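Scroll down for the structure; my scribbles are underneath it.
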Amino acid sequence: MTDRILEETDLIKKIKESDFRELDLIAVRLREALIDTVSKTGGHLASNLGIVELTIALHRIFDLDRDRLVWDVGHQTYVHKIISGRGPRFGTLRQLDGLSGFPKRSESPYDAFDSGHSGDSVSAALGYALARDLRHEDHSCIAVIGDGSMTSGEAFEGLNLAGSLKTPLIVILNDNGMSISGNVGGMAKSLQQIRTSGAYLDFKKSIMNLFKEDSRFGQRYEAITKQIKSAVLPGAIFEELGFKYFGPIDGHNIEDLCGALKVAKDLRRPVLLHVVTKKGKGFVSAEKNPTKFHGIGSFDPETATPSDRVNKDSWSERFGEALIQAAEADDRVVAVTAAMTDATGVAGLKKLHPDRVIDVGIAEQNAVSAAAGLALGGMRPIVAIYSTFLQRAYDQIITEVCMQQLPVIFAIDRAGITGPDGETHQGQFDIAFLSSMPNMTILTPSDAVELGHMIEYALKLGTPVAIRYPKCNAPVSSYSFDAAQSFEPWPRVIKPGEQTLIISDGSMLDTAAKAAGILESRGMSTAVANVRIIKPLPYDFFIDAFGRYENIVTIEDGTLYSGFGSAVSFLAAKLKTPRRVLNLGWPDKFIEHGSIGALRERYGLDDLSVADRICSFFGDGN
Ligand SMILES: Cc1ncc(C[n+]2csc(CCOP(=O)(O)OP(=O)(O)O)c2C)c(N)n1
């Protein structure tokens, strides 16, 4: 049953030709296929279960060969992928060379925009609409955005402009009352009031009898809007911005959704459809715990138990513990998160001290500016954030935090390659973009004990500090630290050797140590050092290293260009050292989806490839 819907190659045609009863059956089968496949591949289950009917309705009303549909974030596009002909490959989801978990123009002509980060859909769809107008074309442009993503400033910027330009644009607000965890802010409260009023806009009664399939809709517009007026009050904020608001609409009633989409399409002006859905719909465990099933690894579909035990050893968990310790020791410490309370590990502190965790919504710029204000106001903010989402706040880090030398700590989770979510979620750029910022210190722990020390050190330093750690388990500490001494994050040689020195960031230390073992077995005496501080570069250590070792290798879980290795090579050139320096890291390329292990093999960053590359570069040891 499940497999058969995945095998259908022309679901779009079927959806356009079926009656509403048949469409409901298709929705049931799509849900089964989602649960079955995602239980094996892992992925964003709850968001996709919630959007099945809306996706069917979109494909029924619009012609996506012409019309342009932009999905915000894009994690909710699995149903769209199946409907638009990618069912047969759906089992390869998120795997190396398989289907991406996000929209990709390179994957299908039905994906109009590559997304992954929240908040850009309205602006992107508006851009499409403006291009359409300039080229005298005639098609619909649609953005689908969740209530969580609507908290991002960029979404407001898009609405603000689109409403004033008046060109036809349809924004569909998919409101399930949830971001990854509960949604935050005044807009979320207002939407909640509308949702909980329970009064769905009844298209059958109020509009559909006025609006029979196509007819002279324009002439009836006045009459229809009058009727709609009684139901639009909840969406006053969107009306003020220049949108015609319709809603709330039952997002699991395909007939109502189709009616609403048809009205929106024919109105030929900015329209906002407020669609209410249930995250996790149709899978009881996901309905009960949408946060757990927002993004999940493989699980048993019968019991909903994750295949891997709940990971208590991740860097995020360890950071959460270190954060609590820091907050207990210093009552100025507050955590700032941009809608990632659970994923970044700050949930523990929130439980103990709810007022010391500030969730700003999906608004990274806001997170960093708020942190700057908190620091100036006498607090010690720790911004807990994924590397890839920190990119959103590039300017705020420079202009507000670094320029004013403020004591803001960035706890950068998922730094380096993160794997199955692909290009938009890899944390490969943080070293490169933070290194160029004056007054910034960048630290890279290799284990949980170092992480704790680095947070303490950063608090003492009182200037901007970034501490980056990867998406995996945090190793148990490999060294003993004399508590009587104060911690200084200078490089530490963890394995002695004579000929070659591999200097690693915290994430790649294990790979460096294993590669060194392979090199030793080939006769190349190899030392390994954990650099710990990437910026400012510890000159004395490197001057000594250039004098002591024949071969210098740097390795980092970040892009090579403008990375840590390039700073070392720059220093080597400046010092006119005769040593040759080999820099290893990720190439100047957006790294695709796949498991971290598979990607490291593909890009020559697994233990064996690292050893081979060192041998061949220095022409020795074979
Ligand atoms: C800029 C940015 N910050 C954070 C995230 C992580 N993230 C992915 S989905 C999501 C929640 C989205 O909520 P919503 O838009 O309501 O969609 P839902 O999953 O509830 O359907 C978040 C915070 C992101 N993708 N982009």
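A few notes on this one:
- What the Kirkwood sum gives for the chain is a hydrodynamic radius of 26.1 Å, with every pair of different alpha carbons counted.
- Across the range 505-609, Cα-Cα distances exceeding 19 Å account for 45% of all pairs.
- The residues of the range 538-603 expose on average 48 square angstrom of accessible surface per residue, using a 1.4 Å probe on protein heavy atoms.
- Using a Förster distance of 30 Å, the FRET efficiency for Arg332-Glu592 (Cβ separation, nearest 0.05): 0.10
- Based on alpha carbons, the Rg and Dmax found for the range 336-434 are 13.2, 40 Å.
- Cα-based helix-to-principal-axis angle, 448-461 vs the chain, degrees rounded to 10: 90
- The Cα-based radius of gyration of the range 84-210, divided by its Kirkwood radius, gives an Rg/Rh of 1.02.
- For the chain, a simple Cβ point-charge model (Lys and Arg +1, Asp and Glu -1, everything else neutral) yields a dipole of about 980 debye relative to the Cα centre.
- Only helices enter this figure: runs of n ≥ 4 DSSP H residues, each worth -39500 (n - 2.57), summed and divided by the residues of the chain, yield -11500 deg cm²/dmol at 222 nm to the nearest 500.
- With a simple spin-label model that places each label point 7 Å from the Cα along the Cα-to-Cβ direction, the separation between Glu488 and Asp308 comes to 3.8 nm.
- Distance from the C-alpha centroid of the range 592-622 to that of the range 497-513: 13 Å, rounded to the whole angstrom.
- By average C-beta atoms within 10 angstrom, highest first, the peptides 52-63, 277-288: 52-63, 277-288
- Computed from Cα positions, the angle between helix 153-165 and the longest principal axis of the chain comes to roughly 40 degrees.
- Nonpolar atom fraction for the chain, defined as the carbon and sulfur part of the 1.4 Å probe accessible area, stands at 53 percent.
- For the range 250-374, the fraction of alpha-carbon pairs lying more than 16 Å apart is 74 percent, rounded to a whole number.
- Cα pair distances of the range 290-353 binned at 5 Å [whole percent]: 3, 15, 23, 21, 15, 11, 7, 3, 1, 0
- Distance violations [Cα-Cα > 31 Å] among Lys104/Lys312; Lys460/Lys514; Lys350/Lys460; Lys279/Lys589; Lys189/Lys262; Lys40/Lys265: Lys104/Lys312; Lys460/Lys514; Lys279/Lys589; Lys40/Lys265
- Potential extension, Glu520-Thr92 segment - 0.36 nm per residue separation minus Cα distance: 150.2 nm
- Relative to the dominant Cα principal axis of the chain, helix 607-618 is inclined by about 60°.
- Potential extension, Arg579-Asp10 segment - 0.36 nm per residue separation minus Cα distance: 198.7 nm
- Burial ranking of peptide ranges 333-344, 608-619 (average Cβ count within 10 Å, highest at the top): 333-344, 608-619
- Beta bridges assigned by DSSP with both partners in the chain are antiparallel in approximately 15 percent of cases.
- For the range 1-57, projected area of the alpha-carbon convex hull averaged over all directions, nm²: 3.8
- Charge tally for Arg602 (other residues, Cβ to Cβ under 10 Å; Lys, Arg +1; Asp, Glu -1): -3.
- Whole-angstrom gap from the range 133-164 to the range 273-306, using each part's C-alpha centre: 28
- For the range 438-479, the convex hull spanned by the alpha carbon atoms encloses 65 Å³ per residue.
- Largest-first principal axis extents, alpha carbons of the range 104-143, Å: 29, 22, 12
- Debye equation applied to the C-alpha atoms of the range 441-523, log10 I(q)/I(0) at 0.10 Å⁻¹: -0.29
- Accessible area per residue in Å² at 1.4 Å probe, computed on the range 376-457: 26
- For the range 1-156, the solvent-accessible area of protein heavy atoms averages 34 Å² per residue (probe radius 1.4 Å; ligands and nucleic acids excluded).
The values are calculated or read from the model by the stated rules, or taken from the named source; none is laboratory data. Treat the numbers as computed from the prediction; the structure is a model and nothing was measured. Positions of Cβ are backbone-derived with ideal geometry, glycine not excepted, and every protein chain shown enters the neighbour counts. Accessible surface areas use protein heavy atoms only, side chains included; no ligands, DNA or RNA. Shrake-Rupley method; radii C 1.70, N 1.55, O 1.52, S 1.80 Å.
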